Every structure is written in C-alpha cells, then in structure tokens.
Amino acid sequence: MISRIDLRGSLPGDLRDVLPRAELDVEAALEKVRPICEDVRHRGAAAVRELTARFDGVELESTRVPVEELGRALDGLDPAVRAALEESIRRARLVHRDQRRVDTTTQVVPGGTVTERWVPVDRVGLYVPGGRAVYPSSVVMNVVPAQEAGVRSLAVTSPAQKEFGGLPHPTILAACALLGVDEVYAVGGAQAVAMFAYGTEECAPATMVTGPGNIWVAAAKRLLKGIIGIDSEAGPTEIAILADETADPVHVAADLISQAEHDVIAASVLVTTSVELADAVEKELPGQIAATRHSERITEALSGRQSGIVLVSTLDDGLRVVDAYAAEHLEIQTADAPEVAARVRNAGAIFVGAYTPVSLGDYMAGSNHVLPTGGCACHSSGLSVQSFLRGIHVVDYSREALAAAAPHVCVLADAEDLPAHGAAIRARFDWGIPS
C-alpha cells in the first residue's frame, strides 16, 4: 500500500529529489484562473455570482451572508461542538496574544533614535475551505491571530453549499458568530481571492488574504500577489513522522492515516531508523484504514507517490531527511524526543512525543494550523499575529546628530555616484549645495 525508500548508507546530495512529494502544478492552473480574476475585476459582484453558479451550482442574490443567518447557525449548533470551539478559541487566544509585539526605540547616537512601530494591516480577507470536509477550526485559526494583531476590518469567505441553500456550512457560520465576525461571504475558489483583491459592490477590497484552499485558490494568490498581500500558496497537506524503535506502530499508523484523510493528494511520510517499526506500521495500516469512514480516500493518499516510508541508518540522517523535506507538520516519536525536536530546523510545526499528535494541533493545542506546505517551511512560517503586522521604522535625528553623521553620509553618497544625496544633507547646514 505505502512505498518504501531505502536511504540507509550514504544519503544522496540533494535529498529533495528522492523524497515523496505531492505534485501541484500551480503554473498550469494560473492560465485557468486568470480570466476568472479578470472577470471579477471588470464586472465585480455580478461576475462573482455567475462564477458561483457555474462552479458551485448555487444562484445567489447576494454574496454576503445575512447577519441573522450567523445567529441562526449559532443557535442551532450542537452544544458539544460549541463547547469545543469555545475552548479552541480560548487556547488559540492565549498563544496568539503572547505573540503581540511591542514598539522598540533604539538610541543610535545622542539625539538620534530609530523606533520600530508594529502596525496591523487595515483589512484582511480570510478564506475558509469547503468541499470534502468542514473546517470551522480554520475560522478560528484565521480570525484569532488577525483579531489579536488589532486588524480593524476582517471578512470571512467560504464556498457556497447547495445543500445549505447557498450559504457556507452552518458550523462555519456558527464559528464566525462565536468570534464576533459578522462580515461573511458565500464565495469560494479563485473568485473569492479576486473579490478581496479588487473589491466588488458587495465587498470592500482587502489589504491581504490568508487561509488554505485548493489549487485554484493557490493559483489566484500567486497571480494577484502584489495587488493583495498573501500568507502563502498552501498546497496539499502533509505529515512527516521521525521515529525510532521506541515508537508505537499503532500511534504512527493512526497519525499517517489522520493526515491522509484530508485529501487523495495528502502526503504521509514516515522517516525511521527501524525496519521493525516500518514493518509493524505497514502491518497495522490496513486494519485501521478499514475501520475509518474515508477508507478509499485514505488508501489512495497513502498509495500515492507523495506518501512513503523512508529508511535511514541513524537519527542524524533522519534529521537531515526531515529538514530537507521541511514538512508542514512534523512529529518526533523517538527516545529523548524534546532533544531531537530542538535540533530540527525546517518544519511548519513540530509535535513532540507520543502524546502530541498533529490532530491536537489541528484543533486544541493553541498553535496555528495554517502552515507552509510543499517544502516552504525552510523559508516561511505559519500564520501568526506577525502575519498581520508591519514593522515601520520611525527615524528621529536632531540637528546635532545629523551633523555628526553628515560626513559619512556624503562620503557614501559620492561612492555610489549619487551626489544629490549628499547635497540634501549639506542643504541643512551652512556648507551649501555644490553647483
């Protein structure tokens, strides 16, 4: 069912070429989303409604969800689900509130300071996926850091659902209501990103858009980046597990399956020093899969080229492999797991030990589950309060402090053949401006 890659011995020079990875051709998708985005740009809400009818089979009179529908969804929410969402929100606020930055002033010289101010973006559009699963947890993960950053205006969008009368799933609407978000749209796909980028008669343009989505959402983000800020081009979800002989194969198999449950192109990768563990996990998978609701989807994901078991000789080699893979979610199930986790450099989020599965992070750890995929964790971070903040340097020099720096500025300006830069300094003193 799941393939093996044997890297025992010497590791290849470029590990990225041999490790499993889902294929996501965003470039090919760009040409399909370009006319969609242009249509929204030129025709606004009418285009969004027509595209929703074409792709989602829903005729909308308005893309905006009436506020009373949010309250109705919350009133109808299962009390146990409500309690779980409220606890998820509470924990997420605890973590994200501690991420707030404070302004810092540095005295560079007497009379000369630089202050770094942290200012939230003005307005964000938060995308919550629809489709195979319902993701109220993604409402929490998008909204909480934006609110804690102090964003003044935020809107949530999620695809229109035919079975719910053209509204997003009621659990998503209820989560918005719990978080105090009353601006919600029943729009999905590339047209949702374009709606936030260009604005329509029904939706004001946003400064940035965040949240995971399908390939069309990723392609629209790439196309419109620059017109609108983005968090990342989220691809198929992925888990990597670094494990040794101390790991429980039942736990490892369950965690691989849990990620494969998302999508047929979800990636589940086990990196291990133990052939015995690999054998035990392979033996465990069929029985656990048979007991799940989404067994066909999981089987396809685990059988795909994006999933596999990677055998390595040593834990050091295993660390090299997982750093090269740069997983969205990385579990460490080894002896001395905290020490091993501290040596990891590239991962969206790290889950330490047998009792910290990725499922915990998806809902209740307090961490954010909007994370970089496709190896982007080697240079990018997950969604956080910082995602919604901009650092602005405020420079304040007195006349005396500028006079002390002036000779150096003028020398460097001349060295770069930019004499007007030096002249702008001299104009403030008796030195005059050279002709």
Somewhere in the range 388-395, is a residue surrounded by 15 or more Cβ atoms within 10 Å (Cβ to Cβ), within 44 Å of the chain's Cα centre (by Cα) and under 28 Å from residue 329 (Cα atoms)?
-> yes
Only unsatisfied item for residue 34, checking (1) loosely packed, with under 14 Cβ neighbours inside 10 Å; (2) out of contact with any Lys or Arg (no Cβ under 9 Å at 6 or more places or on another chain); (3) not assigned by TED's automatic domain parsing to the domain that holds residue 268, is (1)
Could you please tell me which pairs satisfy a Cβ distance under 6 Å, a separation of 6+ or placement on different chains, a first residue in the range 272-287 that is in the same structural domain as residue 325 (by TED's automatic domain parsing) and small (Gly, Ala, Ser), and a second residue that is in a helix (DSSP H, G or I) and buried (at least 19 other Cβ atoms within 10 Å of the Cβ)?
-> 280/249
Quick check: is even one residue across the range 71-89 in contact with a Lys or Arg (Cβ under 8 Å, 6 or more places away or on another chain), in the same structural domain as residue 151 (by TED's automatic domain parsing) and at pLDDT 95 or above?
-> yes
Those residues of the range 18-49 which are more than 20 Å from residue 64 (Cβ to Cβ) and over 24 Å from the mean Cα position of the chain (by Cα), in sequence order | 18, 35, 38, 42
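From the list 413, 326, 341, exactly one residue is at pLDDT 95 or above, surrounded by 15 or more Cβ atoms within 10 Å (Cβ to Cβ), in contact with a helix residue (DSSP H, G or I) (Cβ under 7 Å, 6 or more places away or on another chain) and under 30 Å from residue 139 (Cβ atoms). Which is it?
Unique residue meeting the criteria: 326.
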Could you list all residues from the range 209-228 that are within 20 Å of residue 120 (Cα to Cα) and under 13 Å from the mean Cα position of the chain (by Cα)?
-> 209, 210, 211
Buried (at least 16 other Cβ atoms within 10 Å of the Cβ), outside any loop (DSSP other than H, G, I, E, B) and either among the basic types (Lys, Arg) or out of contact with any Pro (no Cβ under 7 Å at 6 or more places or on another chain) (or both): does that describe residue 19?
-> no
Residue count for the range 110-132, restricted to those that are surrounded by fewer than 20 Cβ atoms within 10 Å (Cβ to Cβ), out of contact with any Asp or Glu (no Cβ under 9 Å at 6 or more places or on another chain) and hydrophobic (A, V, I, L, M, F, W, C) | 1
Taking the range 416-435 as the region of interest, how many residues are surrounded by 14 or more Cβ atoms within 10 Å (Cβ to Cβ) and at pLDDT below 75?
-> 1
Taking the range 221-249 only, how many residues are in a strand (DSSP E or B), of a type in the set (D, E, K, R) and touching a strand residue (DSSP E or B) at 6+ places or on another chain (Cβ under 7 Å)?
-> 1
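The values are calculated or read from the model by the stated rules, or taken from the named source; none is laboratory data. The shown structure was predicted, so the numbers you read here are calculated from the model rather than taken from an experiment. Positions of Cβ are generated from backbone atoms using ideal geometry, with glycine treated the same way; all protein chains shown enter the neighbour counts.
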